[in-house]
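This report refers to the structure that appears directly beneath it.
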Amino acid sequence: MTESIKTRVLVVDDEPQIVRALRINLTARGYDVITADTGSAALRAISSERPDVVVLDLGLPDLGGLDVLAGVRGWSAIPVIVLSARTDSSDKIEALDAGADDYITKPFGMDEFLARLRVAVRRRATASETGDPTVVTATFTIDLASKTVIRDGQHVHLTRTEWGVLEMLARNAGKLVGQKELLRTVWGPGHDRGSNYLRIYLSQLRRKLEIDPARPRHLITETGMGYRLLE
């Protein structure tokens, strides 16, 4: 069995002619092609179908392509090739900074597209996955793909920073995450000495998610080292 036969490509675009052209060309070369025409459908397909590569348009009718990219990067290292009519360098930079692996502008040559796809497939062979996008505890459930938290059947509202802390812990569920690593990831470089920030935000998360915030079962402090999310 060749590499192309084993490779599954998710094409996310709401232009039927683009989807049709890619499906025909990719199928003819042995790729397994699945499609989605909205951002929400794309996130569901990435979670359920586990494609090897995603080809993503930025101009989708519901979620923007960058929102889809952010949802994917919360839990997966899958290669994403942006395919967009937006030609401004600022759009390219924004997409690459958000986690895209490549950026191709429309209209495009099929040979060049296929060459870049092959590069993405090779990258996929060495990319590490964090596993399932859902982290389930006895009290609450975290969906890294949709960036939501459910407790007692209800969505829990989190601030951007609260989500950033929880997401980092969820992506490393069961593992110790150091204070400096958390600070640099959530607040950025140069913020590796604000341990008081972490205490404040962990306290807020416990109030929202733990049954007994004073005796947390899931959001655990490892004194002097960092924090851990226990499932």
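Readers should treat all values here as calculations from the given coordinates under stated rules, not as data from a laboratory. Just so you know, these numbers come straight off a predicted model, no measurement behind them. Glycine gets a Cβ as well: all are built from the backbone with ideal geometry, and neighbour counts include every protein chain shown.
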Quick one: if you stick a label point 7 Å off each Cα along the C-beta vector at ILE24 and ASP62, how many nm between them? 2.9 nm
In whole percent, what relative contact order does the chain give with Cα contacts below 8 Å and a gap of six or more residues? 14 percent
The local net charge around LEU219, scoring Lys/Arg +1 and Asp/Glu -1 for residues other than LEU219 whose Cβ lies under 9 Å from its Cβ, equals +2
Cross-link partners of LYS175 among aspartates and glutamates (Cα-Cα below 16 Å; sequence separation of 8 or more within a chain): GLU129, ASP132, GLU167, GLU222, GLU231
Need one number: nm distance between label points at MET110 and VAL136, each 7 Å from Cα along Cα→Cβ, rounded to one decimal. 4.4 nm
Tilt relative to the chain, helix 39-49 - C-alpha long axis, 0 to 90 degrees, to 10: 90 degrees
What's the Kirkwood radius of region 3-126 in Å, using all Cα pairs? 14.2 Å
For the chain, share of DSSP beta bridges that run antiparallel, in % to the nearest 5: 50 percent
List the lysines whose Cα lies under 18 Å from the Cα of LYS92, skipping any in the same chain that are fewer than 8 positions away. LYS106
With a ≥ b ≥ c from the Cα gyration tensor eigenvalues, square-rooted, and the rule rounded for a/c under 1.5, otherwise prolate when a/b > b/c and oblate otherwise, region 134-229 is prolate
Return the Cα extents of the chain along principal axes one, two and three, sorted largest first, each rounded to a whole Å. 59, 35, 34
Straight-line reach only, C-alpha to C-alpha below 17 angstrom: list the lysines that LYS147 could link to, leaving out same-chain residues fewer than 8 apart. LYS208
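Which value at 222 nm does the chain reach when only helices count, each DSSP H run of 4 or more adding -39,500 (n - 2.57), with the total divided by all residues and rounded to the nearest 500 deg cm²/dmol? Mind dumping the intermediate values first?
Values: 9 runs with 99 residues, N = 231.
That comes out to -13000 deg cm²/dmol.
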Students often get this wrong: which residues of region 157-176 have the backbone nitrogen under 14 Å from the point 7 angstrom along Cα-to-C-beta of ARG207? 157-159, 162
